[in-house]
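Below: one structure, written as structure tokens.
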Amino acid sequence: CGEGLLLALLEKNRRLKLTGVDLRPDMLMSARKRLASGKRGRHAVKLVKSDASRLPFPDNRFDLVVCINTFYNIKSASLKLRLLKEMRRVCAKNGSVLVDLRNSRNPLISAQYKTAALLEPRMKNKLNTWSVKEFAGLFSRAGLELREKHPVAVHIGPFSPAFILKAK
């Protein structure tokens, strides 16, 4: 959920039932403020404070489970795996899971993310990059199968800076 940027874009479609999850109350407050100015108002999107590795939803609850701007902040492969398994659990049988990754095969992105903590004193953790192949392996271990990959911004084959990955 973060500050609700994606939710604010999606909430314009009145047919969608949206739920945002974040562990940080300040992020939920930012999302709430952003959504309050939208066409549907702040009550059209359900915002939930929760740890993403233990979501308070029943199995098969959502047709689409989206997690963006998160995995590059998580170093631990075991935590990434727990998050993906939890996303799979709450995703409907015929639904999809969407995630983004910063591509380790792009030398500029890789260098930028490796040095970000050095350049930004407030940043506590190194940012992480992954290749599509590495993330496909995580999907597999979580019981998901990579179905689609879409480059973000610039399409330069395997060296695109980022990808959106779709799994089932």
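Looking across region 54-77, the residues that are modelled with pLDDT of 95 or more and in contact with a helix residue (DSSP H, G or I) (Cβ under 8 Å, 6 or more places away or on another chain) come down to R54, L55, F57, P58, D59, N60, R61, F62, V65, V66, C67. Would you call K149 of a type outside the set (A, V, I, L, M), open to solvent by 60 Å² or more (accessible area, probe 1.4 Å), without any contact (Cβ under 8 Å) to a residue 24 or more places away in the chain and part of a helix (DSSP H, G or I)? No, not satisfied. One residue stands out among those in region 81-138 that are of a type in the set (D, E, K, R), closer than 22 Å to L55 by Cα and under 14 Å from the mean Cα position of the chain (by Cα): the one that is most open to solvent (accessible area, probe 1.4 Å), which is R82.
The condition of being part of a helix (DSSP H, G or I), at pLDDT 90 or above and of a type in the set (D, E, K, R) does not hold for K114.
Only a single criterion out of (1) modelled with pLDDT of 95 or more; (2) in contact with a Phe, Trp or Tyr (Cβ under 7 Å, 6 or more places away or on another chain); (3) closer than 22 Å to F163 by Cβ is not satisfied by V90, namely (3).
The values are calculated or read from the model by the stated rules, or taken from the named source; none is laboratory data. These figures come from a predicted structure and were not determined experimentally. Note that each Cβ is placed from the backbone with ideal geometry, even for glycine, and that neighbours are counted across all protein chains shown. Only protein heavy atoms, including side chains, enter the accessible area calculation; ligands, DNA and RNA are left aside. Shrake-Rupley method; radii C 1.70, N 1.55, O 1.52, S 1.80 Å.
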